[in-house]
Structures are given as structure tokens and as C-alpha cells.
1. Among A:Lys294, A:Lys196, which is the only one that is within 13 Å of chain B (Cβ to nearest Cβ), out of contact with any strand residue (DSSP E or B) (no Cβ under 7 Å at 6 or more places or on another chain) and at pLDDT 90 or above?
2. How many residues does region A:243-284 hold that are of a type outside the set (Asp, Glu), facing chain B (nearest Cβ under 7 Å) and within 26 Å of the chain's Cα centre (by Cα)?
3. Among the residues of region A:13-20, are any in contact with a Lys or Arg (Cβ under 8 Å, 6 or more places away or on another chain), closer than 30 Å to A:Ala121 by Cβ and in a loop (DSSP other than H, G, I, E, B)?
4. Considering A:Val83, A:Val77, A:Val91, A:Val100, which residue is hydrophobic (A, V, I, L, M, F, W, C) and without any contact (Cβ under 8 Å) to a residue 40 or more places away in the chain?
5. Going by what's in this entry, would A:Asn200 be described as over 19 Å from the mean Cα position of the chain (by Cα), of a type in the set (S, T, N, Q) and farther than 20 Å from A:Thr89 by Cβ?
6. Name the single residue, out of those in region A:57-116 being within 14 Å of chain B (Cβ to nearest Cβ) and of a type in the set (S, T, N, Q), that is surrounded by the fewest Cβ atoms within 10 Å (Cβ to Cβ).
7. Report, by residue number, each residue of region A:241-266 that is of a type in the set (D, E, K, R) and surrounded by fewer than 23 Cβ atoms within 10 Å (Cβ to Cβ).
8. Here is a check on your reading of the model: is B:Leu20 modelled with pLDDT under 95, in contact with a strand residue (DSSP E or B) (Cβ under 9 Å, 6 or more places away or on another chain) and away from every other protein chain (no Cβ under 14 Å)?
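The values are calculated or read from the model by the stated rules, or taken from the named source; none is laboratory data. Predicted model only: the values in this text are computed from it and were never measured. All Cβ positions, even for glycine, are placed from backbone atoms using ideal geometry, and neighbour counts span all protein chains on display.
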2 protein chains.
Amino acid sequence: MVITKEQVLQALSHVEEPDLKKDLVTLNMIQDIHIDGNRLSFSVILTTPACPLKGLIENACRNAIGHFISKDIEVSVNMTSRVTTQKNTGVPGVKNIIAVASGKGGVGKSTVAANLALGLAKAGASVGLIDADIYGPSVPIMFGLEGERPKATQENGKTRIEPIEKYGIKLLSIGFFTDPNQPVPWRGPMVSTAVKQLFNDADWGELDYLVVDLPPGTGDVHITVTQTFPVTGAVIVTTPQNVALADAKKGIGMFMMNAINVPILGVVENMAYFTPAELPGNKYHIFGRDGGKKLAEQLDVPFLGEIPLVASISESGDAGMPVVLQENNAMTTAFMDMARLVAQQVSIYNARGVTDKNVVNN
Amino acid sequence: MVITKEQVLQALSHVEEPDLKKDLVTLNMIQDIHIDGNRLSFSVILTTPACPLKGLIENACRNAIGHFISKDIEVSVNMTSRVTTQKNTGVPGVKNIIAVASGKGGVGKSTVAANLALGLAKAGASVGLIDADIYGPSVPIMFGLEGERPKATQENGKTRIEPIEKYGIKLLSIGFFTDPNQPVPWRGPMVSTAVKQLFNDADWGELDYLVVDLPPGTGDVHITVTQTFPVTGAVIVTTPQNVALADAKKGIGMFMMNAINVPILGVVENMAYFTPAELPGNKYHIFGRDGGKKLAEQLDVPFLGEIPLVASISESGDAGMPVVLQENNAMTTAFMDMARLVAQQVSIYNARGVTDKNVVNN
């Protein structure tokens, strides 16, 4: 039996990318077709290595070949990716900037930002993380990098900062440049300058995603970052408490304001419930129930999942290693799922290529 | 047997107030001595109704009468109090202003402030609560007062605001005057004016303690409040996480700065551990262990106790009624103990009558 590239493309044109609502061939996602007798191999170029539909799409391709050509073909599918981008992020080499924000402090925004960055990297993407939480930078402690100072070199009279690499991602924190024991009595303009330097004066290289941990609330840093760098979208972190939800709503309102106009990639509900590691069936909704999910529904933005708190009696927090890197448990799984959903939203947004703030949601 | 007032005072002069390190007679704490045959009654005027040593002092008085006069006297002790003050707080009728602050948001600062105010009131004090957390006011939700507006009257061309009374305390929140769905884009000076009005333009009446819930961090509101009103002392709230502790240290640093110079009444460790209501023996140190206690030791300030998280599987938070008012559980007890320790520190500070910032600690 002799098959042709055209037959293969014809067959695969029946496979729709469920998010982008077009077929894989039209989307130019099929490449490297090789035919050797009844052996067929091709690559599917996904829009992100963290694609949550990876398995689904691969199966659909195999089925299409079997159905439209022949079941006797030995199909080898190479699922790969090239992360999409839509606009110039203002940082050379960086395809997408993802802002992580919360209305209220202490809801685990930095934990979500760190695990999002590491989850995307674990899925195969090249990732950077900027900790722009000027009044409470967490990255130095969370990554076990207290007291570290990034290398800085002079180049043509300009300072170049080298991000620190840890656990496979590049990172910079405002905390690397401040004294952890002293309050930071900087006023607005000084803060803005410092934060811009983390983007502009650093050697980020080629990044699929640059995750930015913003301070809680709605302040100078938010305005500076969103007006200086075209942010792809914002992830809003909340806990299920009413007081946190009220503040999250304000945070979302800020990103949707005309002057800022950053798409909301979705809402993450952190500390959704507590589960003792010894009693995985027990769910204690310490801070309320389904608050984040309801908020997402109410504001008609995607819900990116709920992250439980898991601990055992013997544990006592602060390991210096974000949980997504640790052994499998309910938190690790929840964070990986969240990272995939965020990547998916970025891909959807990039594919639509429009700037309307509601594009990520329909 | 005939006893005299002099004998009684002589006997009670052997009883030392353990915190103030002087005897009750010298401290003028014994009043209303009545002698009727072998019946003796007198009042002990404590410096706060929330005195944690109340029982201890009463016993010591009874023992002193028995030991120095006679065991055959029928003693009736009326333990009462008159809350002390040391300086003009800048708010007429208000004896003490207690600021509740945290370095990081989301550590439960507002929960501690609300339960401190209610705990002091439960012990018998007259208490007010100002929610000055401009970017995330929690009092309206925590007290089930969403949508409430305090009455305002004009008096000689000046606005007088009437605090709302609930659960036996008077309260005002910046949230009563802002839209819960909109971000508050106020700049520093506007915030300062609004916060000052909560103190100056409200009819607080006679208060033993006015508890102020400050925003997290170190910002304009802190500077305004501490420089405008002589704050008696600050309670610092933290969780056991390293990232929260690092920020708490900065917060404490701010209060100790010469320009601010507010005594640190102590550190409260909130969310110290999680205990399922069904399994009260299980302690899950979700956020770390003993962080607050160690911080207090390190900075040589009083430790005001650890507040656990208690929940059952059926519960889901946000009851609109602070926990100290709810049925007895480990949280209620912990909050009452904390309120007593705070009142004790205020009394110690007032008794010393000096402004050195380290007075509360020895």
C-alpha cells in the first residue's frame, strides 16, 4: 500500500484543535511527514509544551489516519511545541509575560507564581520568574536563595544583570537587592524604576513565558508593569474567604480598566481546603468553599482550578523548594493542572490575536 | 475580735502586683474597706478588667488577711478595675490606642484585631475598633455589616460620625465609606485624611481601648496614625512561615524607628497549626512551627500566644461572627488569652509611665 503526504494531510485536516476551533493542517501544526512503506511519522507542533490536550490530540491524529487511510499503518507521532506569541512584550526574546496578582496579600500569590513558573518549565517550556513584590519579596526564601546577589556586568556603560538559575528556571527578585531586615521606604517612582530594571537590564535570553509576581492590591507596580510591558494576561489568585474574594474582584476590575486592559487568564483558588496527608479523604474547608469558582463564574472568566493545602503532622512548611518539584501529592497535581490551563489560555489568546480584554473567555 | 482598716492595709501591703512589682496598697489598688465584726470586704482596683492575674491576686489577698490578721475573718473581695492611661491619645475620652499590624497581608491581622477588641469587651472593658485597612477593609464582612453606612450628623458646621455598635463594641471601617466592588485609587494624602477622620470626627465616647486595624506593610497610614495619635503600643501579627516572619520583622523595625517610636506590645502567631474539630489531638503545622515565638525571642519582645486554626469537615468559614464570640473551642480560648496578655502589657506600660520604646519588655 502506498500512501502520500497529501492523504496524510487530508486525513489530519479532520482533526480539530479543540481550543483554537480550527483543524491542525489549517493551523500549520503538522510538520515533518515521513512515509516509509506502511510506516508513517509526523510531528504535531502544539502551541505550548504544557498543552492539557496533548494526549487527546495525539489520539485524534492516530484515529484519523486509521479511519481515513488505513488501520494497517504504523503511526509514530512526535508531539512537540513552539510557544506562540502575539505581540512584542517589550522584553527582547520573551514571548509571553504572565502577571500573577491578588487583591489581598497572603493568599499564596507568590506560591502560585513560583509553582506556575516551575510547572511550565517541568512541561518543557523555557521560563523566567520576576518577583516584583517590592514590600514582601518571597522568591529568595521560597527558592532557598537568601543572601544571593545576581551577577551584574557593565556593557557599553549599561548594567546587565544575570538572572539566577534554579530548578530549571531563570529568576530575579527585588529581594536580591534589598535588605531583608529593613523596611523599604521607597516611594512610587523609585519602585517603578527598580521594577523596570528587572525586565530591561537583565539577560533573560529566549523565554516562552516570563511569570511576574506582582505585589498584592492595586498600586504603582501594577500600573508601571502593565503600561510599560504588553502583558499577555493576568492570573488572579484568591482564597475562598469572602474578604479575599472582595479584594480579588477589585484586582480583576483594575486589569479590566481601559487604561490597563490586560486579559484575565483566569482565577486560581488557593488554600481551597486542607487535607491531612495521613487522611487524604478528609477535606477541611478552613477558609470557605468554592469562593474562587463562584467568583470566576460571576465575572465570566476561566477558573484555573483549586489548590489544596496538604500537610502531615510531621511536616512544618518552608522547605525552600516549591511544592510542584516535590513528590507527587494532591498539591503537585493541582499546580501542574493549573500550569497547563494557564498555558492553554495564553495559546487561545495568542491564536485569536485580538486585544479585546474578554478574548480569553467565551 | 476587732480588726481595723490599718491592719487590713498593713496585711495587703504584703501582696505584690506581679507585673507592676509594687504592693497593692502603694499602687492605691485597695479601696472600699468595710469591716463588720469578723466580716471584711474590700475592692481591688485592677488596671484592666482583662487582667490575666485576677484570680492570683484575689487569692493572694485572702491569704494575706488569713496569715497576717486571722483565718477566722470572712473575706469578701470585689475584683474590679479602672483601666489606666498614660498619655493623651489625641482622641477625647479614649484611654489607650492599640495598633494591630503585620508585615505581610493575609496573616489574619484583621481577625486578630477583631477578636482582640471583642475579647477585651468580653472581659468587661469598653472598646472601639477602627478598620483602617484602606485597600482591604475586612470589618464590614467580618461583623456581617456589608452595605451599612454609619449615621453622620452636622454639628456647628462639623460632621460627626456615629460608630456602629455590634457585639458590644463600637466600630468604624474605611469600608463603610468605599464601594466594595471598586479599587480605591486614593493617593497617600487622601488616605491620610480619610483615616484621621475615623479618629477625629467620630463620637467614640469613653473607651478603655481603641483597637486600630492597620493595613499590612509599612506605608502612609502607619505614619499618619502613629504621628497624629499617641499610640499606646502595637501588636504584630504573623504566621509561622519564613516569608511572613521576614516581613513581620520589617514591621517591628518600623515601629521601633525613632520617628515613629511605638512600643511593641508583642507578637501573635496566627494560624499556628490546624486542628480538625473532630480530631483535637492532631496538630498540623501547615505553615511552619514556632515561627512567631522565635521571632519574639529574637527581637526580645513579649510573645502573646499562638492562635490555632480549628475547623470541622462540615464548616466552611465566613460566619460573619468573629470566633471569640462563638462557642468554646481552642481558637476562642487562645484569643481570650491573647486579649488578656495585650491588656496586661498596656497596664505594665502605663504603670511605668516612660516613653522608652523598650519599656514593655524586660
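1. A:Lys294
2. The total comes to 7.
3. No: region A:13-20 contains no residue that is in contact with a Lys or Arg (Cβ under 8 Å, 6 or more places away or on another chain), closer than 30 Å to A:Ala121 by Cβ and in a loop (DSSP other than H, G, I, E, B).
4. A:Val77
5. In short, no.
6. Looking at residues that are within 14 Å of chain B (Cβ to nearest Cβ) and of a type in the set (S, T, N, Q), I get A:Thr111.
7. If the condition is that a residue be of a type in the set (D, E, K, R) and surrounded by fewer than 23 Cβ atoms within 10 Å (Cβ to Cβ), then A:Lys249, A:Lys250 are the ones that fit.
8. So B:Leu20 does not fit the description; no.
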